[in-house]
């Protein structure tokens with residue numbers, strides 16, 4: 001098995017963010033809060049963009065109020081985006097419902113210490129061999145388009 005991490009920009013960005021989140025939020029409670037905040041911020045942003053696009057679509061008469069960049073967005077693009085954003089918002093509400101269940105779970109201080117201990121193993125120094133192996137395993141999932149047959 002090749003122990004070099006994938007060098008594509010998407011994987012590199014994932015590795016960096018994944019490990020940063022583990023290092024900066026190494027406890028169960030911190031991960032709960034981080035994920036809740038992330039979902040809420042994503043929902044807020046999607047909802048605001050959806051509202052703005054709906055307003056733009058219904059406010060066709062007030063073209064002079066639109067920014068130059070908005071004039072390049074077609075009605076078809078807006079309609080397609082609204083359909084997709086409504087799906088995203090529905091998924092985010094579902095995730096939020098699951099997260100509420102996760103927030104019902106509490107762990108002891110001893111278990112929180114175990115989270116901190118394991119976080120150091122999962123997100124060590126970027127050049128640590130365990131990290132390189134872990135990242136390579138993440139990259140070798142069969143659903144990635146650049147997965148090559150090693151026959």
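The values are calculated or read from the model by the stated rules, or taken from the named source; none is laboratory data. Keep in mind it's a predicted model, so treat the numbers as computed, not measured. Backbone-built Cβ (ideal geometry, glycine too); neighbour counts: all protein chains shown.
Quick notes
- Sole residue being in a loop (DSSP other than H, G, I, E, B), within 19 Å of residue 107 (Cβ to Cβ) and either out of contact with any strand residue (DSSP E or B) (no Cβ under 8 Å at 6 or more places or on another chain) or at pLDDT below 90 (or both), chosen from 26, 5: 26
- Residues in the stretch 101-116 that are loosely packed, with under 10 Cβ neighbours inside 10 Å and in a helix (DSSP H, G or I): 101, 109, 110.
- Residue within the stretch 39-46 that is out of contact with any helix residue (DSSP H, G or I) (no Cβ under 6 Å at 6 or more places or on another chain), exposed (fewer than 14 other Cβ atoms within 10 Å of the Cβ) and either modelled with pLDDT under 90 or within 29 Å of residue 124 (Cα to Cα) (or both) present: yes
- Qualifying residue in the stretch 139-147 (condition: modelled with pLDDT under 75, in a helix (DSSP H, G or I) and closer than 30 Å to residue 9 by Cβ): yes
- Any hit, the stretch 66-75, residues being modelled with pLDDT of 75 or more, assigned to a helix (DSSP H, G or I) and more than 20 Å from residue 31 (Cβ to Cβ): yes
- Residue that is in contact with a helix residue (DSSP H, G or I) (Cβ under 6 Å, 6 or more places away or on another chain) and modelled with pLDDT of 90 or more, where the choices are 118, 105, 95, 111: 95
- Among the residues here, residue 125 does not qualify as out of contact with any strand residue (DSSP E or B) (no Cβ under 6 Å at 6 or more places or on another chain) and modelled with pLDDT of 70 or more.
- Those residues of the stretch 6-38 which are exposed (fewer than 11 other Cβ atoms within 10 Å of the Cβ) and within 12 Å of the chain's Cα centre (by Cα), in sequence order: 13, 17, 37
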